[in-house]
Amino acid sequence: MAAPKSCVLWSYCGRGWSRAMRGGQLLGLRSSWSGAPLNARLLSQEKRATETHFGFETVPEEEKGGKVYQVFESVAKKYDVMNDMMSLGIHRVWKDLLLWKMRPLPGTQLLDVAGGTGDIAFRFLNYVQSHHQNKQKRQLRAQQNLSWEEIAKKYQNEEDSLGGSRVVVCDINKEMLKVGKQKALAQGYRAGLAWVLGDAEELPFDDDKFDIYTIAFGIRNVTHIDQALQEAHRVLKPGGRFLCLEFSQVNNPLISRLYDLYSFQVIPVLGEVIAGDWKSYQYLVESIRRFPSQEEFKEMIEDARFHKVTYESLTSGIVAIHSGFKL
């Protein structure tokens, strides 16, 4: 899914200084630089702090957001088709498992970040609508003395088929949101669904607003993962849940070799043939390899003040679902 650009200058400066200073003291001044002039040491530190990765390429932080935006702007129209081709359709099972782990209750308010084309949002709506309808049927079956007219009237008076549940899809890429809205109209999704243009590192929502925050195949594309996790924590209500579905580290050596071969030799070719875009899919493959391992990402989530953080590896670790709670 499309991922956020780097934050505005103010936000970046705030994070940059917070990394460089602690208790009024500049950090990182010991090492081989100990005898170098102060200005030289500061310039070197600033350079390291402002560089990040774009796939295997090292780029200035302020450039990564734009580069990622261009990738997803380019692939938006073929994004769903390419997902099916690249994963042989298995991504659908992974997303179903994410909903199974979520198990939203009636009235759940979900924020799906980097949710562009709506895959998680539509699954959520299907789930809550199905469970609400089943609950309604059980209630009617329990009232055997109702007449046919009374039963029909109860169905007709049911204004909210979702039981108060709502989902907001937030994505920074206009083209991805455009594709998602078109899919929603074509598939009949209207109620309980909103689309918001927004940055995962600076979400346009109030504190303590959502019950569940999801991000599927998006967080590896943000410039500052730690900032995105902090924003997830901020917008969740106390007791709210963070769920992330993301590519991870394969734990079987044989499968890892085959996976690398497929990723680097096949996926970019599919990108060129189907979407006419080799470079974007080369980046996506490389970005997967740069993402932290399951344990490392778990620690990052805990650093963002989430509790009871766990993860489950799927398909030999090709992807993992991480879960945490705001307590």
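The values are calculated or read from the model by the stated rules, or taken from the named source; none is laboratory data. Not measured: the values here are computed from a predicted model. Note that each Cβ is placed from the backbone with ideal geometry, even for glycine, and that neighbours are counted across all protein chains shown. For accessibility, only protein heavy atoms count, side chains too; no ligands or nucleic acids. Shrake-Rupley method; radii C 1.70, N 1.55, O 1.52, S 1.80 Å.
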Could you give every pair whose Cβ atoms fall below 8 Å, whose first residue belongs to region 246-267 and is on the phi < 0 side of the Ramachandran plot and in contact (Cβ under 8 Å) with a residue 40 or more places away in the chain, and whose second residue is polar (S, T, N, Q) and assigned to a loop (DSSP other than H, G, I, E, B), counting only separations of at least 6 or pairs across chains? 248/293; 249/293
Out of all the residues in region 251-267, is one or more closer than 14 Å to residue 85 by Cα, touching a helix residue (DSSP H, G or I) at 6+ places or on another chain (Cβ under 6 Å) and open to solvent by 10 Å² or more (accessible area, probe 1.4 Å)? yes
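Within region 216-223, is there a residue that is charged (D, E, K, R) and open to solvent by 20 Å² or more (accessible area, probe 1.4 Å)? Explain how you work it out, then say what you get.
The initial filter retains those residues of region 216-223 that are charged (D, E, K, R), namely 220.
From the residues that got through so far, the ones that are open to solvent by 20 Å² or more (accessible area, probe 1.4 Å) too are none.
No: zero hits.
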Cβ-Cβ distance below 6 Å, separation of 6 or more or different chains: which pairs start in region 176-202 with a residue that is closer than 24 Å to residue 81 by Cα and end on one that is of a type in the set (Asp, Glu) and open to solvent by less than 90 Å² (accessible area, probe 1.4 Å)? 177/171
All positions within region 94-139 that are open to solvent by 50 Å² or more (accessible area, probe 1.4 Å), closer than 15 Å to residue 193 by Cβ and either aromatic (Phe, Trp, Tyr) or in contact with a His (Cβ under 7 Å, 6 or more places away or on another chain) (or both): 127
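Please work out if residue 302 is open to solvent by 20 Å² or more (accessible area, probe 1.4 Å) and touching a strand residue (DSSP E or B) at 6+ places or on another chain (Cβ under 9 Å).
When the stated conditions are applied, residue 302 passes them.
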Would you be able to tell me the number of residues in region 82-129 that are closer than 27 Å to residue 259 by Cα, within 16 Å of the chain's Cα centre (by Cα) and in a helix (DSSP H, G or I)? 12
Return the pairs, sorted by first residue and then second, in which the second residue is open to solvent by 90 Å² or more (accessible area, probe 1.4 Å), the first residue lies in region 289-310 and is over 13 Å from residue 244 (Cβ atoms), the beta carbons are less than 7 Å apart, and the residues are 6+ apart or on different chains. 293/249; 307/327
Looking only at region 250-276, filter to residues that are among the small types (Gly, Ala, Ser) and more than 23 Å from the chain's Cα centre (by Cα); which one of those is modelled with the lowest pLDDT? 276
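Is it the case, given these coordinates, that residue 72 is under 17 Å from the mean Cα position of the chain (by Cα), at pLDDT below 90 and part of a helix (DSSP H, G or I)?
Here the answer is yes, as residue 72 does meet what is asked.
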Taking the conditions exactly as written (open to solvent by 30 Å² or more (accessible area, probe 1.4 Å), at pLDDT 95 or above and among the hydroxyl-bearing types (Ser, Thr, Tyr)), does residue 310 satisfy them or not? yes
Test: residue in region 238-249 that is part of a helix (DSSP H, G or I) and at pLDDT 90 or above: no
Quick check: is even one residue across region 223-233 part of a helix (DSSP H, G or I), in contact with a strand residue (DSSP E or B) (Cβ under 7 Å, 6 or more places away or on another chain) and under 21 Å from residue 295 (Cβ atoms)? yes
Quickly run through region 277-305 and pick out the residues that are more than 16 Å from residue 222 (Cβ to Cβ), at pLDDT 95 or above and not in a helix (DSSP H, G or I). 293, 305
